[in-house]
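The values are calculated or read from the model by the stated rules, or taken from the named source; none is laboratory data. Note that this is a predicted model, so its numbers are computed, not measured. Counting neighbours? That spans all protein chains shown, and the Cβs are built from the backbone with ideal geometry, glycine included.
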Amino acid sequence: MLNDPNLPASITPASKAYGGTKWISNGVTQATANEIFTDIQSIFYQLVQQTNGLISTEDPLTLAMSPQTEVALTATNTFNVNVRDLLKKNFPKITIKTAVQYGVITSSNPQGIAAGNFVQLIATAIEGQNTGYCAFNEKMRAHPIIREMSSFRQKVTGGTCGAIIKMPVAIAAMLGV
């Protein structure tokens, strides 16, 4: 879901009052709650544009990001409302998921993204058609036990096909938060 070549291009976050485009820098939230929410609105706008208006704020959506980026959702505005509350109010069926693969590559996160923190907004379905799913060729298979002189061995195999994306247009992303 991160590097499928059929996915639409990622958009760039807006410049922040403190400078740059990052939400968090060196463990400190640099963007205001309103700036973070505006970036997420921009991703939603991109999703609406890509689907020609087939997505609305009432549809089930998944906001995917790194655990470090999720900390930015606790930023609170002057009315004592944080970003997570704004999301739940404006997108009632949104779910927030985290995975380390959405973070920037570091020595402690070698499986991240080189260009910066990544955020995706995924519409679960468009007009009843699922956006995608994870596929497995076999979940797990145990091979016969091999007897040896003073031990036993058994091979176990399993595999995955990864994410099967049926509707790439239902995924919008922002890179560099």
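Yes/no matrix, rows are residues, columns are (1) of a type in the set (Val, Ile, Thr); (2) buried (at least 20 other Cβ atoms within 10 Å of the Cβ); (3) farther than 18 Å from ALA123 by Cα:
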| position | (1), (2), (3) |
| --- | --- |
| ILE11 | yes, no, no |
| SER15 | no, no, yes |
| SER42 | no, no, no |
| ALA72 | no, yes, yes |
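List the residue pairs whose Cβ atoms are under 6 Å apart, where the first residue sits in region 92-121 and is more than 18 Å from ASN26 (Cα to Cα), the second is among the small types (Gly, Ala, Ser) and modelled with pLDDT of 95 or more, and the two are 6 or more positions apart or on different chains.
What qualifies is LYS97/ALA64; GLN120/ALA64; GLN120/ALA173; LEU121/ALA172.
Pairs under 7 Å by beta carbon, first residue in contact (Cβ under 8 Å) with a residue 24 or more places away in the chain in region 71-83, partner in a helix (DSSP H, G or I) and among the β-branched types (Val, Ile, Thr), six or more apart or different chains?
These pairs meet every condition: ALA72/ILE36; ALA72/VAL83; LEU73/VAL83; ALA75/ILE36; ALA75/VAL83; ASN82/THR74; VAL83/ILE36.
Identify the residue in region 106-123 that is of a type in the set (A, V, I, L, M) and modelled with pLDDT of 90 or more and, among all such residues, is surrounded by the fewest Cβ atoms within 10 Å (Cβ to Cβ).
Checking each candidate, the answer is ILE122.
Out of (1) within 12 Å of the chain's Cα centre (by Cα); (2) part of a strand (DSSP E or B), the odd one out for TYR133 is which?
Status for TYR133: all satisfied but (1).
Taking region 146-177 on its own, how many of its residues are of a type in the set (Val, Ile, Thr) and loosely packed, with under 10 Cβ neighbours inside 10 Å?
Residues flagged as of a type in the set (Val, Ile, Thr) and loosely packed, with under 10 Cβ neighbours inside 10 Å within region 146-177 amount to 1.
Assuming THR57 fulfils every condition listed in (1) of a type in the set (Val, Ile, Thr); (2) in a loop (DSSP other than H, G, I, E, B); (3) crowded, with 18+ Cβ neighbours inside 10 Å; (4) in contact with a Phe, Trp or Tyr (Cβ under 6 Å, 6 or more places away or on another chain) apart from one, which condition is it?
(3)
Among the numbered conditions (1) at pLDDT 95 or above; (2) under 17 Å from the mean Cα position of the chain (by Cα); (3) small (Gly, Ala, Ser), tell me where ALA33 comes up short.
Going through the list (1) at pLDDT 95 or above; (2) under 17 Å from the mean Cα position of the chain (by Cα); (3) small (Gly, Ala, Ser), ALA33 breaks only (2).
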